[in-house]
């Protein structure tokens, strides 16, 4: 895959993540209001809303994980980076990117494995496969991998996870 194709894919995924997160927030808010109304006003609770809200929230969590990598807004500890010259950051960037991708790929593998295990189990109220909830993990981690690889190609190893504008303003090499 070319760098341009990866950028287009990543941009499309980012737009999809943003749309999904916004729509999910609205749907969850509407379901909570409906659940409260049916339970306390009509005295006839909707039994499926809790499962739906938990399922949507799970997917939002892992879509948000990927979105955080796309926008580079995850918590990072940059004390060591502030002490290094910008030219000395690449080795630490390579280690951080390798560890991040290894962790994300491990989550993809684990999530797929758990989705397969839970595929035949049904949820109690909606009677859908329990794998629907667990499958958010490998999908979110795979999307995060795409975002990390795109940043690696665009910014290089030194700035994949911590671009210069997020590390600090003193970017001059000290002689």
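Every read-out reported here was derived from the displayed coordinates using simple, explicitly stated rules and does not represent laboratory data. Just so it is clear, the model here is predicted, and its values are computed rather than measured. Methodologically, a virtual Cβ is constructed for each residue, glycine included, from the backbone with ideal geometry; neighbour enumeration extends over all protein chains shown.
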(request) Using just the alpha carbons, could you tell me how many Å³ per residue the convex hull of the range 1-157 encloses? (result) 128
(request) Pick out which of 137, 80, 104 has the largest mean-square fluctuation in a Gaussian network model of the chain, springs linking Cα atoms closer than 10 Å. (result) 80
(message) Under 10 Å, Cα contacts only: if you run a Gaussian network model on the chain, which one of 99, 34, 79 comes out with the highest mean-square fluctuation?
(response) 79
(message) Sorting check: for 121-132, 139-150, which peptide has the highest mean count of neighbouring beta carbons within 10 Å, and how do the rest follow?
(response) 139-150, 121-132
(request) Name the shape class, rounded, prolate or oblate, that the alpha-carbon gyration tensor gives for the range 62-109, where a ≥ b ≥ c are the square roots of its eigenvalues, rounded holds for a/c under 1.5, and otherwise prolate holds if a/b is larger than b/c and oblate otherwise. (result) oblate
(request) Could you check the simple spin-label distance between residue 79 and residue 33, using points 7 Å along Cα→Cβ, in nm with one decimal? (result) 4.6
(request) Set the Förster radius R0 to 25 Å, insert the Cβ-Cβ distance between residue 22 and residue 128 as r into 1/(1 + (r/R0)^6), and round the FRET efficiency to 0.05. (result) 0.60
(request) Mind running the shape call on the range 35-126? Use the C-alpha gyration tensor, a ≥ b ≥ c as the square roots of the eigenvalues: rounded below 1.5 for a/c, prolate if a/b tops b/c, oblate otherwise. (result) oblate
